[in-house]
Amino acid sequence: MVVMAPAGRDPSGVSVTQQAPVPLRASGVSGGRLLATDVRVATLLLNEARCRAFQRVFAIERKDVNLVSLIALLLMAERAQATTRKVKSGRGPTMAEDFMGFGIIREALCSVAGPQSRDTPLLSTLLAIAVIGGAVHSGLRGVRGSGHQADVAFHRRYGYLIDPGHWRQRRAQRRDAKPSPPV
């Protein structure tokens with residue numbers, strides 16, 4: 001014989017709360033949680049790609065991949081340190097080489113600017129400032145554009161989940177301000 005407890009109580013007589021069914025789409029999902037999940041999935045995929053690449057290149061078992069990765073990282077660090085040491089210990093240009101280089105640069109700039117430019121004091125400085133300024137301006141424009149693209153991509157992906165209240169309020173005001181279409 002099966003004893004049925006009344007709703008809300010287990011057979012020992014202790015009150016039990018009934019849990020609501022779990023919805024198919026969780027309403028408590030935040031943009032930060034989705035971002036963390038995406039980062040975790042990307043990390044797992046990169047780790048799997050690293051493991052497969054090392055298995056294929058070095059013909060090793062999966063359990064040995066981490067050891068081989070550590071050895072490869074140590075070898076790359078040692079090579080980078082040796083290269084840095086080599087670059088730092090190299091001698092710099094002598095004063096004669098500096099003057100020859102400046103003279104070559106000045107002649108190249110004067111040939112670009114024309115024959116009257118030889119009388120202009122600090123011509124190479126002026127042209128260098130113009131060239132560097134143009135390069136910096138275009139570089140900063142590219143940085144600003146890439147930052148904007150990243151921001152747009154982020155808000156397309158997660159923005160509806162982390163939308164501050166004032167954005168929703170403005171959207172509602174625009175929606176209310178639109179005249180309804182004739183029926």
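The values are calculated or read from the model by the stated rules, or taken from the named source; none is laboratory data. What you see is a predicted model; the values in this text were computed from it and never measured. Using ideal geometry, Cβ is built from the backbone for each residue, glycine included, and neighbour counts are taken over all protein chains shown. Heavy atoms of the whole protein, side chains included, go into the accessibility calculation; ligands, DNA and RNA do not. Shrake-Rupley method; radii C 1.70, N 1.55, O 1.52, S 1.80 Å.
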Exercise. Which pairs have Cβ atoms under 8 Å, sit 6 or more apart or on different chains, and link a residue in segment 101-112 that is over 12 Å from ALA128 (Cβ atoms) and basic (Lys, Arg) to one that is open to solvent by less than 90 Å² (accessible area, probe 1.4 Å) and assigned to a helix (DSSP H, G or I)?
Worked result: none
Seminar exercise, completed: Reported set for segment 59-110 where residues are more than 30 Å from LEU46 (Cβ to Cβ), assigned to a helix (DSSP H, G or I) and open to solvent by less than 100 Å² (accessible area, probe 1.4 Å) is SER89, ALA96, GLU97, ASP98, GLY101, GLY103, ILE105, ARG106, GLU107, ALA108, LEU109, CYS110
Exercise. Residues in segment 99-122: is at least one under 43 Å from the mean Cα position of the chain (by Cα), at pLDDT below 80, at positive phi and not aromatic (Phe, Trp, Tyr)?
Worked result: yes
For this session: Only residues that are assigned to a helix (DSSP H, G or I) and at pLDDT below 70: list them for segment 146-166, please.
Result: GLY165, HIS166
For this session: Report, ordered by the first and then the second residue, all pairs with beta carbons closer than 8 Å, sequence separation of six or more or different chains, a first member in segment 155-183 that is under 25 Å from SER30 (Cβ atoms), and a second member that is of a type in the set (A, V, I, L, M, F, W, C) and modelled with pLDDT of 70 or more.
Result: ARG157/LEU34; TYR158/LEU34; TYR158/LEU35; LEU161/VAL29; LEU161/LEU34
Problem set entry | The lone exception for HIS148 - which of (1) more than 30 Å from SER30 (Cα to Cα); (2) out of contact with any Leu (no Cβ under 8 Å at 6 or more places or on another chain); (3) open to solvent by 100 Å² or more (accessible area, probe 1.4 Å) it fails | (1)
Problem set entry | Cβ-Cβ under 9 Å pairs, at least 6 apart or on other chains, segment 118-139 side part of a helix (DSSP H, G or I), far side hydroxyl-bearing (Ser, Thr, Tyr) | LEU123/SER117; LEU126/THR120; LEU127/SER117
